[in-house]
Amino acid sequence: MPHIKLKNTDLEVLRTVDERLMSYNVEMTEVTGGTFWKAYTPEQIEGTEEFPPIKGLHELGNLMQWYDPIESTNPRLIKLAKEFGPVWVRVSGTWATKTYYDFDGTGVTPEGYQSRMTRQQWVNLINFVDSVGGKLLISVANCEGLHHAEEPWNPSEAEKIFSLSRELGHPIDAVEFTNEPNMFVVTGFPAGYTVDHFRRDQDLFHKWVRENYPDTIVVGPCTVDTISMGSDTSMSTAGIGAAFGTTASTDDLMEGCTEKLDVFSYHYYNGISERLAAVMPTAHWSPEQATSENYLAMAGFAARGAAPLRDKFVPGGQMWVTESGDAGGGGDTWASTYLDVFRTLNELGEFCTITDGIIFHNTLASSDYGFLDHHNYMPRPNYFAVLLWTRLMGQTVYNSGTALQEGAHVYCHSRKDGEEGCVYLVINNSRTETTTAELPKDAVRYTLAGRDGIRSRVMTLNGKDLILGENDELPCLCGEAVSAGTIEFAPATCTFIVL
């Protein structure tokens, strides 16, 4: 049983982190409507029904379903998103690479594109970003419909979305050329596209942006590979390349490029969801492992693995995780439950001890790993956990003084309210043992737990259910006073302590 000491003086400052650290994705398919990962059944979410294994990626279509566009004008959606405070909103995903911008209202999706976005859909999205006080990151089309592999990329489509956004009063704040460009086949590049073609086109695009939209931040290369999937000696993601056609590393994509990046980006997931476990079994974690030391170590491992690449290609720049979630393939069956809160909060905490940047949770309101349910925009446990983080944890990061260990993943920040003191996040990831701590003074605690166990779809704060009230009123995110001395952290709990 770990016993830790929490102090509120003589704290070592590690760094100051971005106020928009906690941000999120709105997938392009959420804007246009389209196919996305099929929702799990209630029984699969509860863990009482196994997800049926697929025999190969030829069955990938069976794992998808049609979703209408999210209602970006929906009052509940806007209200809940606005509660996060300042964020980046990323509109991208694999679908963005193959989306045609039909801003003239032709009603036609040209050959070579997979989907079509209307002017009104983009107007609604821009209005949503403005409503929540967000900054906007996008990626652009780069598919057979725009150009053939041997033909250089051209700005005809990009100019449409950049120009319209500026016309609407919200110019594009940042841009990634292409989502996950190292996965050539899945990404949707023109037929026969190679690394050389990509480097040529990325330079063309970045040069075009800087000449025409110089205030736009250039971000990249937006890769997902073995390092950024959190692979180490206890976990293999080698099957990703074989399954999805990963043909390039970050070095392959960036070496020799003449247009430099402003921000380094990569994608990180803790593995592969049940949907793809049958074809990549070594990349999938069981729910029993989802609070383990090896599992929770993956985010830090990925960040430390990506940092040298950032230092190489964007020395001195920020590092952005432009997609993050519990599992590639739309999230695990428990992604919408309290069980995933451990991973989410631990990733935020450890990332801040390593570097400064932004983490884009995938997604705001799509699939089982969204903060909000796609159908009714009701908040899930991760929503409330991250909302507490944004309300309590300030931008100054301190050394917690406690080594990461089972039962005691401890992180320390300044107070978000600006008052003197600090805030600790204590994650007791042991499912059986209680952790104790010494408090130097009276404090306020906020303890999160699963109402009906660790896989509960309802999370509690100090024993009270976190659910919306009448007229979508947020529950009281209130702490409870605790006295100086010894306090306990029950098994499978996440606790903020304000000193």
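Computed from the coordinates by the stated procedures, all read-outs in this text should not be read as laboratory data. The model shown is predicted, which means the values in this text are computed figures rather than measured ones. Neighbour counts run over all protein chains shown; Cβ positions are idealised from the backbone, glycine included.
List residues of segment 424-455, by number, whose backbone nitrogen lies under 20 Å from a label position 7 Å along Cα→C-beta of ALA484. Inside the label zone: 424, 436-446.
Residue order for THR353, THR178, THR447, fewest other beta carbons within 10 angstrom first, comes to THR353, THR447, THR178. The ranking of HIS206, HIS409, HIS170 by Cβ neighbour count inside 10 Å, starting from the fewest, reads HIS170, HIS206, HIS409. Determine the shape class of segment 18-395: with a ≥ b ≥ c the square roots of the Cα gyration tensor eigenvalues, call it rounded for a/c under 1.5, and otherwise prolate if a/b is greater than b/c, oblate otherwise. Because its axes are fairly even, with a/c under 1.5, segment 18-395 counts as rounded.
Karplus-derived 3J(HN,Hα) values for segment 55-65, using 6.51 cos²θ - 1.76 cosθ + 1.60 with θ = phi - 60°, are 8, x, 5, 5, 9, 4, x, 6, 8, 10, 8 Hz; glycine and proline are entered as x.
Computed about its Cα centre, the charge dipole of segment 36-164 is approximately 480 debye, with only Lys, Arg, Asp and Glu carrying charge at their Cβ.
Between amide H atoms placed 1.01 Å from N, distances below 5 Å from TYR67 occur with GLY34, THR35, PHE36, all of them 5 or more places distant or on a separate chain. This ranking places PHE51, PHE313 by how few other beta-carbon atoms lie within 10 Å of each, fewest first, which gives PHE51, PHE313.
In the chain, a dipole from Cβ-located charges (positive for Lys and Arg, negative for Asp and Glu) runs towards its positive end, and of ALA297, GLN120, SER414 it is SER414 whose Cα lies farthest in that direction.
The count of lysine pairs in segment 18-395 that are at least 8 places apart or cross chains, and whose C-alpha atoms lie under 15 Å apart, stands at 4. The residue list ALA484, THR447, PHE84 was ranked by how far each Cα lies along the charge dipole of the chain toward its positive end, using unit charges on Cβ atoms, and ALA484 comes out on top.
Cβ-Cβ distance of ASP215 and GLU19, R₀ of 25 Å, FRET efficiency by 1/(1 + (r/R0)^6): the value works out to about 0.85.
Here is the short version for the chain: CYS143, CYS222, CYS257, CYS352, CYS412, CYS422, CYS494 have no other Cys C-beta closer than 4.7 Å. Taking a cut-off of 15 Å between Cα atoms, list the aspartates and glutamates near LYS5, but don't count ones fewer than 8 places away on the same chain. Within the straight-line limit of under 15 Å, LYS5 reaches these aspartates and glutamates: GLU438, ASP442, GLU488.
Averaging the sequence gap over all C-alpha pairs within less than 8 Å and six or more residues apart, then dividing by the number of residues, gives the chain a relative contact order of 17 percent. First check a/c for segment 1-142, with a ≥ b ≥ c the square roots of the eigenvalues of its C-alpha gyration tensor; if it is under 1.5, answer rounded, and if not, answer prolate when a/b is larger than b/c or oblate otherwise. In terms of gyration-tensor shape, oblate. For a straight C-alpha distance cut-off of 18 angstrom, the lysines reachable from LYS7 (same-chain residues fewer than eight places away being disregarded) are LYS416, LYS441. Computed about the Cα centre, the dipole magnitude for the chain is approximately 580 debye when only Lys and Arg (+1) and Asp and Glu (-1) carry charge, each at its Cβ.
Highest mean first, the peptides 8-14, 26-32 sorted by other C-beta atoms within 10 Å per residue fall in the order 26-32, 8-14.
The gain in end-to-end length when the GLU167 to GLU43 segment is fully stretched comes to 39.9 nm, 0.36 nm per residue minus the alpha carbon separation.
Stretching GLN289 away from THR258 to a fully extended chain increases their span by 6.8 nm, per 0.36 nm per residue minus the current alpha-carbon distance. Remark: the THR436-ARG76 segment gains 125.7 nm on full extension, using 0.36 nm per residue and subtracting the alpha carbon distance.
Going by a ≥ b ≥ c, the root eigenvalues of the Cα gyration tensor, does segment 1-46 fall in the rounded group (a/c under 1.5), the prolate group (a/b larger than b/c) or the oblate group? Oblate.
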